[in-house]
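Below is one structure, written out as structure tokens; the observations come after it.
Just so you know, all these numbers are worked out from the coordinates, no wet-lab data involved. All values derive from a computational prediction rather than experimental measurement.
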């Protein structure tokens, strides 16, 4: 029997990534929009974990079934961890290209060795009984000098892993090493043991 769960998001890219990893384990993942839930809580947390929990709780209050939420973003060491929890609205906009341009601009003159960065993903899972569990995944790399690749979204085109950007990886390659992939595998392992 499939475990049905609501993703506290209507982002199609995110929904695809969650489905790719969880559906082979017998989980049916639907977006909050498909579940008829229209809620967009203010992300007031100072960490990815706090924001993930805020989103999961808001959807669970309505859905009363298993819910998963994530909060993720980019931390650039040379920028003191920016954009961090503000990754989706960095520079006061929600435009991916503007975000990438701003990061590249702020790193002008910074040598390769100091352009280290990571994607972080915090997942909150609330089961049918309202019990919360949390999972964290990180994906290490560095910031490139220009956008490269057509796969992925957000900061993927400027996030370099070796000689390629995250946006140049196939979905399978990315899921094997990405922050969301790592956190989702921890969640999948947890669900598998229940």
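Summarise the long-distance tail of P(r) for region 73-126 by giving the % of C-alpha pairs beyond 13 Å.
Summing the P(r) of region 73-126 above 13 Å gives 60 percent of all pairs.
Two decimals is fine: what is log10 I(q)/I(0) at q = 0.15, 0.27, 0.28, 0.34 Å⁻¹ for region 135-178, from a Debye sum with one equal scatterer on every Cα and no solvent?
The Cα Debye sum returns log10 ratios of -0.31, -0.95, -1.01, -1.34.
For helix 12-22, report the angle its Cα long axis makes with the longest principal axis of the Cα atoms of the chain; keep it between 0 and 90° and round to the nearest 10°.
Once rounded, one gets 60 degrees.
How large is log10 of I(q)/I(0) for region 53-150 at q = 0.16 Å⁻¹ when the intensity is taken from the Debye formula with one equal scatterer per alpha-carbon?
Listed by q, the Debye log ratios stand at -0.74.
Percentage of Cα-Cα pair distances in region 3-193 greater than 28 Å, rounded to whole percent?
Distances greater than 28 Å cover 24 percent of the Cα pairs.
Need one number: % antiparallel among DSSP beta bridges in the chain, to the nearest 5.
The antiparallel fraction comes to roughly 80 percent.
Just the Cα atoms of region 1-79, one point each, no solvent: what log10 I(q)/I(0) does Debye give at q = 0.17 Å⁻¹?
Computed log10 I(q)/I(0) values: -0.67.
Take the Cα pairs of region 102-194, get the Kirkwood Rh, then feed it into Stokes-Einstein at 20 °C and 1.002 mPa s and tell me D in µm²/s.
Answer, rounded: 148 µm²/s.
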